[in-house]
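The values are calculated or read from the model by the stated rules, or taken from the named source; none is laboratory data. Source: prediction; values computed, not measured. Don't worry about glycine lacking a Cβ; one is built from the backbone with ideal geometry, like all the others, and counts go over all protein chains shown. Each accessible area value is taken on the protein alone, full model and side chains, heavy atoms only, with ligands, DNA and RNA left out. Shrake-Rupley method; radii C 1.70, N 1.55, O 1.52, S 1.80 Å.
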Amino acid sequence: MVTALVKRHGALAAAGLSLDQHDEEHHRLKRVLAGFASDVLTPQEREVASLMLGGHTPAQISEQLKVSIEMARVHRRNIHDKLGICSLVELFSRALAELAAIR
């Protein structure tokens with residue numbers, strides 16, 4: 001669900017389009033991603049986490065953020081370390097938990 005919403009948001013933003021102002025799921029996702037782990041992650045790490053949740057590879061993250069692929073990998077490693085997770089599945093789990101909490 002999170003991946004689909006992030007991809008939908010990203011595709012529309014890239015096309016210069018916006019979602020319907022009444023799209024509640026979009027607004028919930030935006031709030032979660034904007035504040036996702038903000039107590040531990042830097043703004044750039046939160047951006048990388050958002051891209052990871054959207055299914056982006058380190059190469060795609062590197063290209064989108066205009067950083068080296070090594071830097072994209074460092075951000076991913078830092079996210080894993082700071083959140084105490086070992087996989088993308090655990091990142092999804094944490095994001096879903098935060099999404100569920102904003103009901």
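Taking the condition of being farther than 22 Å from V89 by Cβ and part of a loop (DSSP other than H, G, I, E, B), how many residues in segment 40-55 meet it?
1
Residues of segment 37-48 being open to solvent by 20 Å² or more (accessible area, probe 1.4 Å), of a type outside the set (D, E) and modelled with pLDDT of 90 or more, which ones?
V40, T42, P43, Q44, R46
Does segment 56-97 hold any residues that are assigned to a loop (DSSP other than H, G, I, E, B) and closer than 21 Å to G35 by Cβ, and which are they?
H56, G84, I85
All but one of (1) at pLDDT 95 or above; (2) open to solvent by less than 60 Å² (accessible area, probe 1.4 Å) hold for G54, so report the exception by its number.
Just one mismatch for G54, condition (1).
One line per residue, one yes/no per condition, for (1) among the hydroxyl-bearing types (S, T, Y); (2) at pLDDT 85 or above:
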| position | (1), (2) |
| --- | --- |
| T3 | yes, no |
| E24 | no, no |
| R28 | no, no |
| S50 | yes, yes |
| P58 | no, yes |
| L65 | no, yes |
